[in-house]
1. Out of region 223-249, which residues are surrounded by fewer than 16 Cβ atoms within 10 Å (Cβ to Cβ), in contact (Cβ under 8 Å) with a residue 12 or more places away in the chain and in a helix (DSSP H, G or I)?
2. Just the residues that are under 16 Å from the mean Cα position of the chain (by Cα) and either surrounded by 22 or more Cβ atoms within 10 Å (Cβ to Cβ) or among the basic types (Lys, Arg) (or both), please, taken from region 256-286.
3. Which residue, of ARG50, ARG38, ARG67, is of a type in the set (D, E, K, R) and closer than 17 Å to LYS106 by Cα?
4. Go through ASP27, ASP37, ASP88, ASP124 for me and flag whichever is surrounded by fewer than 15 Cβ atoms within 10 Å (Cβ to Cβ) and out of contact with any strand residue (DSSP E or B) (no Cβ under 9 Å at 6 or more places or on another chain).
5. Scan region 16-40 for residues that are of a type outside the set (Asp, Glu), in a helix (DSSP H, G or I) and farther than 21 Å from GLU77 by Cβ and jot them down.
6. Could you check region 301-351 and list, in sequence order, the residues that are part of a strand (DSSP E or B) and of a type outside the set (Val, Ile, Thr)?
7. May I ask you to list the residues in region 41-57 that are assigned to a loop (DSSP other than H, G, I, E, B) and within 14 Å of VAL100 (Cα to Cα)?
Amino acid sequence: MQEKKRDLSHFSINEIRPAAENGFLYDDFSPNADEDDRKLYFSIKENGIREPLHISVDGIILSGHRRYAAATWLGLETVPCIIADDVDYGDLSHDERISVLAIYNKQRDKSHAEKLREALQDVDPDDAYQNLLSDRQKRRQVKLDDNIEMGKKKKRARITTIGFLTAAQKVIESQRKYWPISLRRLHYLLLNAPPLRHDKKPGSKYQNDKNCYKALSKLVTRARFVGDIPAEALDDQTRPIRVLATYQNPADYIEAETQDFLRHYARDLQRGQRNHIEIYLEKNGIRKIIEQVADEYCIPVTTGIGYCSYPPRNKMFKRFKASGKEQLILLALSDFDPDGEEIAASFSRSMRDDFGLTNIKCHKVDLSGQDVIDYNLPSDLEAKENSPNYNKFVERHGTHVAELDAAPVELLQEKLREAIESCMDMEVFEAELEEEKKDAAFITATKKLLVQSMQARC
């Protein structure tokens, strides 16, 4: 433009240009497909453009793209415009242009899709994704008060085995980020540095037997009653508890639901993989530890006690068939003992014999005899002679065995990650993670719009 036009002056339709970024927010003008666009077309045809367009000082349309498009369709030569003196579109960044367009189009009637695209501009995908991951982590973790501490030791008549108590407290504290842990896991971790059960009895060293296990159970029960061990630190997963969620009033419920609304999304990160991966865990006591890793890759975890029964195997078979993938890969975590060494092979055979599944590969992830040596795991347990796999195991490894519960968390999680990634196309997986970030931003923007709509109607 050679000369600056004044407000409400009529510009030649060739002097102004649509904003290229308008398509990021708003739908194209389509009177053949959209009823509102059709009405606008005939209104301008009969009455002309009554509401002027807003343009920048360099002739870029800020609001009025539909009116401009209708004028073009109708062959109009000029359109009324108002110049935004403070906006030089060419000097703005992409994000600034999007922001200006949203401001100048605040009052226009918009479709849900257009509102959503506007909302998306205010969402940082990285922040949305981090919030998504944070929500997942919170769901996996026990809720603890910030002021929960072990507290200082003090003499109590009911607990006289101070050394035993101190050793248990030390182990529990070392596992804080994995709370609650099972009594069984505490038992095996104590065997890494066995304390005395009685402070003044040198022969009372903690051992891997029923008497010591019972003594530990009684100790931690009393310790929790008197506050020496937080109640949240230990869990009995063999006795599940169900409590119905209740609220004081409808307002509290609505507030809770609003906060929790659209927070639990998880993209199928395995969707692009050739193989369907599943995890089988022999011990329920470390399930949460294993699920922390499995959830990162969106892989199901099946827990059994020893060999797996029919119902969980049937569900696994159905998941594999529903996936439509070429092969089922099963990663098994089991004890280092005669039966644990055979679980992977036994599981594979049972899936073949019971369900006719031949395209399955099973791998034992943990524990190995080398792990027992490298990590100095307690292995004073003797292999059970009544196991049908006893002779085979003893011939290969000797009589000493070790339990999954005794292994360091870091070892279990590291070996599982290595096993999972060895079975995956990591480029495809990383691409899915990037898409999940976009998903998180889309959901955040959608939630914002829906909550605003609900609040407006209240």
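The values are calculated or read from the model by the stated rules, or taken from the named source; none is laboratory data. A quick note: this is a predicted structure, and the numbers were derived from the prediction, not measured. Positions of Cβ are backbone-derived with ideal geometry, glycine not excepted, and every protein chain shown enters the neighbour counts.
1. VAL226, GLU232, listed by residue number.
2. Residues satisfying the conditions are ARG263, ARG267, ARG271.
3. So the residue among ARG50, ARG38, ARG67 that is of a type in the set (D, E, K, R) and closer than 17 Å to LYS106 by Cα is ARG67.
4. Selected residue: ASP124, the only one of ASP27, ASP37, ASP88, ASP124 that is surrounded by fewer than 15 Cβ atoms within 10 Å (Cβ to Cβ) and out of contact with any strand residue (DSSP E or B) (no Cβ under 9 Å at 6 or more places or on another chain).
5. Within region 16-40, ASN22, GLY23, PHE24, LEU25, ARG38, LYS39 qualify.
6. Scanning region 301-351 gives GLN327, LEU328, LEU330, LEU331, ALA332, LEU333, PHE336.
7. Matches in region 41-57: VAL57 only.
Quick grid of which residues meet (1) over 27 Å from ARG287 (Cβ atoms); (2) surrounded by fewer than 19 Cβ atoms within 10 Å (Cβ to Cβ):
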position	(1), (2)
GLU382	no, yes
TYR390	yes, yes
HIS397	no, yes
ALA402	no, no
VAL409	no, yes
ARG417	no, yes
MET426	no, yes
GLU434	yes, yes
LYS447	yes, yes
